[in-house]
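Below is one structure, written out as C-alpha cells; comments come after it.
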Amino acid sequence: MREQVSETKSRSSGYMIPYVLEFEGVALSILKDDGEGKGKLKELLEEYAAKYAKESSAGT
Amino acid sequence: MRLSTQRRVLLELENIGCLNHIEVAFRPGLNIIKAPNASGKTSLIRGFTSMFSDRIPASHILALDKVNGTIRVQYDMAIYEKNFRRTPSGSVVASGDTLPFADERSFDACVALAETGVVHKITGGGAGFRGYLESLSYGNHYSMIISSAQDLANELSRELAGPGFREFDTLPLLLTELTNLHIRRDLAKEKIRNLETGHEAGLQSLSTDMEEKTSVLSREEAHLSGLKRDLTREEEKEQQLVSFLEMTDDSAKVASQIKDGIAKSKEKRKGVKEEIGKQTELIDSLKSEIEALENQIEQEKEREAQQLEGLKREVDRIDKAIILKEEEIQQAESFPLDDLKYHGRLVVEVRSEITKKIEWLDKVIEHFQEKYMRRMTTARLSFNRNVTKAFEELNLKGFENVFLDQDFALHLVREKSVQQPVETLSASEKLTISLVLMLAAKQTFLPDFPFFVIDELTLSYDPERFRKVVNYMTKRVPYVIVSSLASIKAGGLQVVYKTQNASEIVPEIIAS
C-alpha cells in the first residue's frame with residue numbers, strides 16, 4: 001500500500017516518490033560523516049531501489 | 001556552536017612544523033602573529049587549523065624530523081588534544097579531538113592561506129565558483145547523490161542488455177516451436193485413433209464374412225454327410241436286392257422286380273455320387289474362401305500393427321522433442337541455478353524488478369536535480385547579497401559590484417559598469433577580492449564560526465586597504481588571526497593583540 005511508504009512530493013513535477021525522504025536523511029548523514037562515501041551511497045540506492053521494486057511488484 | 005567570545009583560547013604546539021614547543025593565547029579581536037621568516041607562523045596557523053578542519057594533510061603538520069607531535073587547545077575550561085604519529089612506512093596519522101565548532105567548510109570560508117581554494121583560484125585568474133559554493137552549501141552532496149544514482153541506473157540498463165536477458169528474447173520463437181510440436185503430436189495421435197477405428201471396422205467386416213462362410217460350410221458339410229448316408233443306404237439296399245435275387249429263380253416275376261429295383265438303386269446311387277462330388281467341390285471352395293479370409297485378416301492385422309508402430313515411434317520422437325524444447329524454454333525463462341546473482345529466478349521477474357529500480361532511480365535523479373538547483377540558486381543569491389553588502393560597507397574604491405552569475409562565474413564591475421576580467425587585477429586587488437568573497441561565504445554559510453585566519457597574504461598588500469578589510473572582519477568575527485612578517489631584530493614569534501577599542505598594541509609573549 002502506498003500510504004505505508006514515506007513519500008515526497010516534488011514541487012515542480014508534482015508526483016510522489018516513495019522512500020525518497022528516508023533515503024535523503026540517511027544519504028546526507030553518510031556524506032556528512034564521509035565526504036567520499038560514494039560506495040556506501042551506491043549500496044543505499046540499491047537498497048531503496050529494491051524496496052520500491054518489491055513494493056511495486058506486490059501492488060501489481 | 002558559538003564559542004565564548006570573552007575568553008582566551010590557549011594553543012600549545014609540540015613538534016609541529018618548525019616549532020619544537022610553543023604556547024600562545026588568542027583573544028577576542030585581532031591577533032597578529034609577528035615573526036621573521038621561518039620562525040613558525042605558518043606552522044602555528046596550520047596546526048591551529050587542523051583542530052577544526054582536516055584539509056591540511058597530517059604529514060604537512062608534524063615536524064619533518066619528528067615521530068610524534070601534539071596540539072592542545074584550551075578554552076572554556078576544556079582541553080582538546082590532537083596527536084600526530086609517524087608510522088614505520090613514513091606516513092603520518094592524526095588522532096584525537098577536534099574543537100566543538102569544527103566544520104570542514106571552515107577551511108574554504110574562514111582560513112585564507114595561499115593554498116586555500118578561493119585565494120588560489122583568484123590569484124590564478126580563475127573565475128568559476130560553482131564547486132566553491134557546492135561544498136559550502138552542501139550542494140555537492142546532492143550532486144554526489146545524482147551522480148551515484150545515474151551510475152547505478154546506467155549499470156542496471158547495461159545489465160538488461162546482457163546475455164541472460166537476450167536469451168529471454170528468443171522465448172516467443174521457442175514457444176511457437178513448442179506449440180507446433182504439440183500440434184504434430186495431436187495429429188499423430190488422431191491418425192492412430194483413426195487407424196485403429198478403421199482397422200477394427202475392416203476386420204469386423206472380414207470376420208463377419210468368415211462367420212457366414214463358416215456357417216454355410218457347416219450346412220454344406222451336413223448336407224454332404226446326408227448324401228453319404230443316402231449313398232450307404234442305397235448301397236446296402238442294392239446289396240440286399242442282390243441277395244434276394246440270388247435266392248430267387250430268374251424266371252420268377254419277383255426276380256424281374258428285384259432286377260428293376262437293383263437298376264433303380266444303381267441309378268440313384270450314381271445320382272447321389274454325382275451330388276456328393278458337387279457338394280465336395282462346393283465344400284472345398286468354401287474352405288478355400290474361408291482360408292483366404294483368414295489370411296486376409298492376418299495380413300490386415302499385421303499391416304495395422306506396422307502402421308501403428310510407425311505412428312507410435314513418431315509420437316515418441318515428438319515427445320522427446322517437446323521435452324527438449326521445454327528445457328530450452330525453461331533455460332530462456334529462468335536464470336541458471338548456479339547464477340551468482342539470480343539463482344534460477346524467472347527472467348521476466350528479474351527484468352520487471354530491474355525496470356522498476358531504474359524507474360525509481362530516474363525519479364530520484366529528477367528530485368535531487370531540482371533540490372540541487374534550488375539549493376545552489378539560494379546559495380548564490382545569498383552569497384551575492386553578502387558580497388554586495390561587504391563591498392558597500394567597506395566602501396572600497398574601484399569596484400561598483402562583484403557577483404556570481406547564473407553559471408557561477410565571477411564578475412567584477414568597475415565604476416561606470418565596466419567589467420574587468422579577474423586575471424587582469426593587481427595582486428593587491430586579487431587578495432582583497434579573495435578576502436571579501438571568503439568573508440561573504442562565511443557570513444552566508446558559517447555565520448557562527450568564531451575564527452578567521454589570514455596567513456602570509458600581506459606581503460604585497462596595500463596596507464590601507466588591508467587595514468580596512470581586517471577592521472571590517474574584526475567587527476564581525478570574534479577572533480581574527482593574522483600572520484605578519486617581522487624583522488629578525490624583533491626576536492621570536494609573538495602574538496600581538498588589538499581589540500576594537502584598543503589604542504595601543506598589547507604585546508604578550510608566553511613561551512617559545
Test for B:Val92: is it touching a helix residue (DSSP H, G or I) at 6+ places or on another chain (Cβ under 9 Å), open to solvent by less than 10 Å² (accessible area, probe 1.4 Å) and modelled with pLDDT of 90 or more: no
Yes/no for B:Ile79 being touching a Lys or Arg at 6+ places or on another chain (Cβ under 9 Å), without any contact (Cβ under 8 Å) to a residue 24 or more places away in the chain and not charged (D, E, K, R): yes
Single condition B:Ala114 does not satisfy, out of (1) over 43 Å from the mean Cα position of the chain (by Cα); (2) more than 24 Å from B:Leu410 (Cβ to Cβ); (3) not in a strand (DSSP E or B); (4) not hydroxyl-bearing (Ser, Thr, Tyr): (2)
Condition check for B:Pro447: out of contact with any helix residue (DSSP H, G or I) (no Cβ under 7 Å at 6 or more places or on another chain), open to solvent by 10 Å² or more (accessible area, probe 1.4 Å) and in contact (Cβ under 8 Å) with a residue 60 or more places away in the chain: no
Candidate set: segment B:343-360, residues that are at the interface with chain A (Cβ under 7 Å from one of its Cβ atoms) and more than 11 Å from the chain's Cα centre (by Cα); chosen: the one most open to solvent (accessible area, probe 1.4 Å): B:Ser352
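Is it the case that B:Gly117 is open to solvent by 30 Å² or more (accessible area, probe 1.4 Å), among the small types (Gly, Ala, Ser), free of Cβ contacts under 8 Å to residues at least 60 places away in the same chain and within 14 Å of another protein chain (Cβ to nearest Cβ)?
Answer is no for this residue.
Restricting to segment B:331-342, and then to whatever is free of Cβ contacts under 8 Å to residues at least 60 places away in the same chain and more than 15 Å from B:Leu160 (Cα to Cα), can you tell me which residue is nearest to the other protein chains (Cβ to nearest Cβ)? Lay out the reasoning, then the answer.
Pass one, segment B:331-342, residues free of Cβ contacts under 8 Å to residues at least 60 places away in the same chain: B:334, B:336-338, B:340-341.
If we keep only those that are more than 15 Å from B:Leu160 (Cα to Cα) too, we end up with B:336-338, B:340.
Working: B:Pro336: 21, B:Leu337: 21, B:Asp338: 22, B:Leu340: 16 Å.
The selected residue is B:Leu340.
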Close pairs (8 angstrom Cβ cut-off, 6 or more residues apart or separate chains): more than 8 Å from chain A (Cβ to nearest Cβ) in segment B:134-148, of a type in the set (Val, Ile, Thr) anywhere: B:Leu136/B:Thr444; B:Ser137/B:Thr378; B:Ile146/B:Ile365
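The values are calculated or read from the model by the stated rules, or taken from the named source; none is laboratory data. Treat the numbers as computed from the prediction; the structure is a model and nothing was measured. For neighbour counting, all protein chains shown are included, and Cβ atoms are generated from backbone atoms with ideal geometry for every residue, glycine included. Please note that ligands, DNA and RNA were not included when accessible areas were found on the heavy atoms of the full protein model with its side chains. Shrake-Rupley method; radii C 1.70, N 1.55, O 1.52, S 1.80 Å.
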